[in-house]
Amino acid sequence: MSSSSDEEEQAMRIPLSQRPGWSDVTPVPQDDGPNPVVPIAYKDDFVETMDYFRALYFAGERSPRALQLTSEAIDMNAGNYTVWHFRRLILEALNVDLHDELKFVEGIAKSNPKNYQIWHHRRWVAQKLGAYATSKELEFTRNILSLDAKNYHAWSHRQWVLQALGGWEDELEYCRQLLEDDIFNNSAWNQRYFVVTRSPLLGGLETMRESEVNYTIEAIGANPENESPWRYLRGLYKGDDQLWVNDPKVSSVCLKVLNSKTNYIFALSTLLDLLCHRFKPNQEFENAVGALTTSDSAPQSSFAEMVCSVLVCVDPMRANYWKWRKSKLPPDQ
């Protein structure tokens, strides 16, 4: 909201002290103690709203006017936990239609999409509504994520909805669409893994592994510099290191990227991890990595050391990390 809009709204606002139906309330000022170190210069309308809020809060009043007052207080400061908490008490006491509450939260979230209190309250409302809220919540998070694909609160809420209320049917397709729009969207990769491993409709990781490996290798081939699919590929073999090491699709995509001699940092990194899990490279791998070394490179006692040395050169940002990895190689590597 622009500052001019704020000023117009303040000018239109009728002070609580002048509203009918509030004359019985004695405002309770904020107690900052006798000698506040740094007094905060609150705006007059904020001071008045919070003074009246404290009066109703201390009195424990659960009424329509108390609910309206929390709306005004939240509009001024959406991060006030006590106001949100009191609002929930009022909603329960008045048995308010919580579908209307979802609309209220949606309006507040437009300008506060990363406010924890909003998401906590939204979950409370959805939990009260149960399965009736499923489609609404999925659509709500979809809208938020269309504006900010990395909004952690939206992803967390969406995962909670799926697990608590359902709605798994189209989630894998939703992930596919997100990755089609932006294959570098690591949040969408994370959500895809969540769906593959948690959805009761897909049969679990073992059932989905082959198709997901094929999908991921295709993504790697198109953008080998994208770290997300490399991490995703590793995750597809969680709990079965030997299957990961022995699956020719994994080593083949590494070799293909290494032979391309471009964007091969994550291919080298994956190869190093394979070697540390007893992968036995053939001559093609040695030739591919050998072609990436410089003529003045010091001779290495093992293939794994050679991989580390190349990584030190081509990934200077993490050079110390690769040196550390090299120092930790098993004696027979």
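Springs between Cα atoms under 10 Å define the GNM used for the chain, and in it the highest mean-square fluctuation of 46, 266, 184 occurs at 46. Only protein heavy atoms count here; on that basis, with a 1.4 Å probe, residue 225 has an accessible area of about 80 Å². Among 226, 95, 190, which one shows the biggest mean-square fluctuation in a GNM of the chain, springs joining Cα atoms closer than 10 Å? Among 226, 95, 190, the largest mean-square fluctuation in the Gaussian network model of the chain belongs to 95. Applying Stokes-Einstein at 25 °C and 0.890 mPa s to the Kirkwood radius of the stretch 84-141, computed over alpha-carbon pairs, gives a translational diffusion coefficient of 212 µm² s⁻¹.
Give me the aspartates and glutamates in straight-line cross-link reach of residue 128: C-alpha distance below 15 Å, same-chain residues under 8 apart excluded. The reachable aspartates and glutamates, counting only those whose Cα sits under 15 Å from residue 128, are 92, 97, 100, 101, 137.
Using only Cα atoms, what Kirkwood radius does the stretch 171-317 have, in angstroms? The partial results should precede the final answer.
Working: mean 1/r = 0.0618 Å⁻¹.
Kirkwood radius, the stretch 171-317: 16.2 Å.
With contacts defined as alpha carbon pairs under 8 Å and 6 or more residues apart, what's the relative contact order of the stretch 137-215 in percent?
Values: 46 pairs, mean separation 17.3, N = 79.
Once divided by the residue count of the stretch 137-215, the mean separation gives 22 percent.
Excluding ligands, DNA and RNA, the accessible surface per residue across the stretch 83-173 is 49 Å² with a 1.4 Å probe.
Convex hull volume of the Cα atoms of the stretch 19-130, normalised per residue: 124 Å³. When the alpha carbon gyration tensor of the chain is reduced to an equivalent ellipsoid, the three semi-axes, largest first, read 57, 24, 16 Å.
I need the shape label for the stretch 125-223. Rule: rounded when a/c is under 1.5, else prolate if a/b > b/c, else oblate, with a, b, c from the alpha carbon gyration tensor. It comes out oblate by the Cα gyration axes. Modelling each spin label as a point 7 Å along the Cα-to-Cβ direction, I'd like the residue 106/residue 152 distance in nm, to one decimal. So the two model labels end up 2.7 nm from each other.
Between residue 206 and residue 85, full extension at 0.36 nm per residue minus the direct alpha carbon distance yields a gain of 39.2 nm.
Accessible surface of the chain, 1.4 Å probe: 51 percent of it comes from carbon and sulfur atoms. Counting helices only, and only those DSSP H runs with n ≥ 4, report the 222 nm mean residue ellipticity of the chain as the sum of -39,500 (n - 2.57) divided by its residues, in deg cm²/dmol to the nearest 500. After summing the helix terms and dividing by the residues of the chain, the value is -20500 deg cm²/dmol. With a/c under 1.5 counting as rounded, go ahead and sort the stretch 253-305 into rounded, prolate or oblate using the C-alpha gyration tensor (a ≥ b ≥ c being the square roots of the eigenvalues; past the cut-off, prolate if a/b is larger than b/c, else oblate). Because a/c hits 1.5 or more and a/b fails to exceed b/c, the stretch 253-305 counts as oblate.
Summarised in one figure, the compactness ratio Rg/Rh of the stretch 193-237, Cα atoms and Kirkwood Rh, is 1.00.
Might you report the magnitude of the Cβ-based charge dipole of the chain about its Cα centre, with Lys and Arg at +1 and Asp and Glu at -1, to the nearest 20 debye? If you can, show how the numbers build up before the last one.
On the way: 35 positive and 45 negative charges, 197 e Å.
For the chain, the charge dipole is close to 940 debye.
The mean sequence separation of alpha-carbon pairs under 8 Å and at least six residues apart, normalised by the residue count of the chain, gives a relative contact order of 7 percent.
Got a sec? What order do 118, 40 fall in by accessible area at 1.4 Å, biggest, i.e. largest, first? Show your work: numbers first, answer last.
Numbers: 118 0, 40 110 Å².
Of 118, 40, the descending order of accessible area is 40, 118.
Expected output is a single nm value to one decimal: the length gained when fully extending between residue 114 and residue 263, i.e. 0.36 nm times separation in residues minus the C-alpha distance. What is it? Each step should come with its number before you reach the end.
Details: separation 149, 0.36 × 149 = 53.64 nm, distance 3.45 nm.
Between residue 114 and residue 263, full extension yields 50.2 nm more.
The values are calculated or read from the model by the stated rules, or taken from the named source; none is laboratory data. Because the structure is a prediction, the values reported are computed rather than measured. Counting neighbours? That spans all protein chains shown, and the Cβs are built from the backbone with ideal geometry, glycine included. Ligands, DNA and RNA are excluded from the accessible area calculation, which covers all protein heavy atoms including side chains. Shrake-Rupley method; radii C 1.70, N 1.55, O 1.52, S 1.80 Å.
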